[in-house]
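Notes to accompany the following structure.
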Amino acid sequence: MVVIPGGVFTMGTDEPAIQQDGEWPVRKVHVNSFYMDRYEVSNEDFERFVNSTGYVTEAEKFGDSFVFEGMLSEEVKAEIHQAVAAAPWWLPVKGANWKHPEGPDSNISNRMDHPVLHVSWNDAVAFCTWAGKRLPTEAEWEYSCRGGLENRLFPWGNKLQPKGQHYANIWQGVFPTNNTAEDGYKGTAPVTAFPPNGYGLYNIVGNAWEWTADWWAVHHSTEEVHNPKGPSSGTDRVKKGGSYMCHKSYCYRYRCAARSQNTPDSSASNLGFRCAADASPELP
Ligand SMILES: *[C@@H]1O[C@H](CO)[C@@H](O)[C@H](O)[C@H]1NC(C)=O
Ligand SMILES: *[C@@H]1O[C@H](CO)[C@@H](O)[C@H](O)[C@H]1NC(C)=O
Ligand SMILES: *[C@@H]1O[C@H](CO)[C@@H](O)[C@H](O)[C@H]1NC(C)=O
């Protein structure tokens, strides 16, 4: 983990790219020092947890999980006859779970260093608790994402590809039919891929969406606040950072201010997490 030094930052944006997501208005937010995982939780990390606890994820209990159509084999696709109306590229796949990200005919043996997928918010909380950690609040996550920069779009600045370099694992090409994988990855990348941000955090945007601790709401006050923890109740939890599936044309959410949501029992082939922890008392 790395220490994220406490401070005050501008949360959200007054130029929201996605109005309905509640990215605005900007507000001054104070955050105490805390620890943040340098990397997204990997398949290897999650396997260590399952080995030591026997934990069974919600996707394993439900018997299915959502997988992006572009990652599925023809055999698996042929057996599915329902989709999400608003997003027909999401298919519920029987037997899809963290060990079988694209269904029963897939495995993670050559992806142990990739982010764990198909973990619900409840699963993520179970992992972080086992590790002696917790999920970051949305404010902590966004503060971490910004890496010490103020009011920038991305963790490294405002240009998506400084000097033509790729800084995150997102979608290149035409979504959802033609992923040219110019950044080197069609699906997820190792959690150590791409340059870290100013706080030393890797893949804080792109690669896999990351769960945060907060309940979801879209209305924010401009009042200056300290260590906000989000609404006290709700139906969905906030996820941040976007994923390898995000393209500006339909999911311009690989920005620090961007946000989205899912119910706490949801899981999908582009959704993972990282953990945070309170700073020890000797830290400022
Ligand atoms: C989990 O247990 C299996 C079986 O004992 C072992 O092969 C594997 O290396 C363990 N995984 C980790 C990450 O320790
Ligand atoms: C895991 O998947 C790879 C292909 O990605 C395959 O070659 C290998 O045999 C599979 N391993 C197991 C244990 O099924
Ligand atoms: C995908 O996009 C690339 C780059 O624009 C293009 O060269 C290629 O022909 C496209 N492939 C398909 C199947 O449309």
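Values quoted throughout were computed directly from the atomic coordinates according to the rules given, and no laboratory measurement underlies them. Not measured: the values here are computed from a predicted model. FYI the Cβ positions are ideal-geometry reconstructions off the backbone, even for glycines, and counts take in every protein chain you see.
Return the calculated 222 nm mean residue ellipticity for the chain, to the nearest 500 deg cm²/dmol, obtained by summing -39500 (n - 2.57) across DSSP H runs with n ≥ 4 and dividing by the residue count.
Values: 5 runs with 40 residues, N = 284.
Helix contribution divided over all residues of the chain: -4000 deg cm²/dmol.
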So the label point goes 7 Å from the Cα of THR235 along Cα→C-beta, right? Which residues of the range 250-269 then have their backbone N under 11 Å from it? 263
Filter on LYS94/LYS248; LYS186/LYS240; LYS77/LYS159; LYS28/LYS159; LYS77/LYS240; LYS133/LYS186 - keep pairs with C-alpha separation over 27 Å: LYS94/LYS248; LYS77/LYS159; LYS77/LYS240; LYS133/LYS186
Post the alpha-carbon centroid distance, the range 60-107 to the range 146-210, in whole angstrom. 25 Å
Report the full-extension gain for the segment VAL174 to ASN51: residue separation times 0.36 nm, less the Cα-Cα distance, to one decimal in nm. 40.3 nm
For the range 10-53 and the range 222-244, write down the distance between their C-alpha centroids in whole Å. 9 Å
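Rounding to the nearest 20 debye, state how big the charge dipole of the chain is about its Cα centre with +1 on each Lys and Arg Cβ and -1 on each Asp and Glu Cβ.
Numbers: 25 positive and 34 negative charges, 107 e Å.
Charge dipole of the chain: 520 debye, to the nearest 20.
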Total charge of the residues flanking GLN165 in space, meaning their Cβ is under 15 Å from its Cβ, with Lys and Arg +1 and Asp and Glu -1, is 0
tail above 16 Å in the computed P(r) of the range 197-240, as % of all Cα-Cα pairs, reads 53 percent
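Among ASP183, ASP123, ASP105, which comes first, second and so on when ranked by fewest other beta-carbon atoms within 10 Å?
Numbers: ASP183 21, ASP123 25, ASP105 11.
Lowest count first: ASP105, ASP183, ASP123.
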Out of PRO136, TRP216, ILE18, whose Cα points farthest toward the positive end of the dipole of the chain (charges: +1 Lys, Arg; -1 Asp, Glu; placed on Cβ)? ILE18
Pick out which of ALA168, ALA139, ALA85 has the largest mean-square fluctuation in a Gaussian network model of the chain, springs linking Cα atoms closer than 10 Å. ALA85
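For the residues SER42, SER120, SER52, SER65, what sequence is obtained by ranking on other C-beta atoms within 10 Å, fewest first? Walk me through the numbers on the way to the answer.
Details: SER42 22, SER120 25, SER52 9, SER65 29.
Least to most surrounded, the residues fall as SER52, SER42, SER120, SER65.
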Tally Lys/Arg at +1 and Asp/Glu at -1 over every other residue whose Cβ is under 14 Å from the Cβ of LYS61; what's the total? -3
Kirkwood Rh over alpha-carbon pairs of the range 129-266, then Stokes-Einstein at 37 °C and 0.692 mPa s: what D in µm² s⁻¹, rounded to an integer? 208 µm²/s
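What is the gain in length, in nm to one decimal, between GLN165 and ASN32 on full extension, counting 0.36 nm per residue of separation less the C-alpha to C-alpha distance?
Values: separation 133, 0.36 × 133 = 47.88 nm, distance 3.30 nm.
Net length gain for the segment: 44.6 nm.
Dipole magnitude of the range 80-159 about its Cα centre, charges +1 at Lys/Arg Cβ and -1 at Asp/Glu Cβ only, in debye to the nearest 20? Walk me through the numbers on the way to the answer.
Numbers: 8 positive and 8 negative charges, 15 e Å.
In total the dipole reaches around 80 debye.
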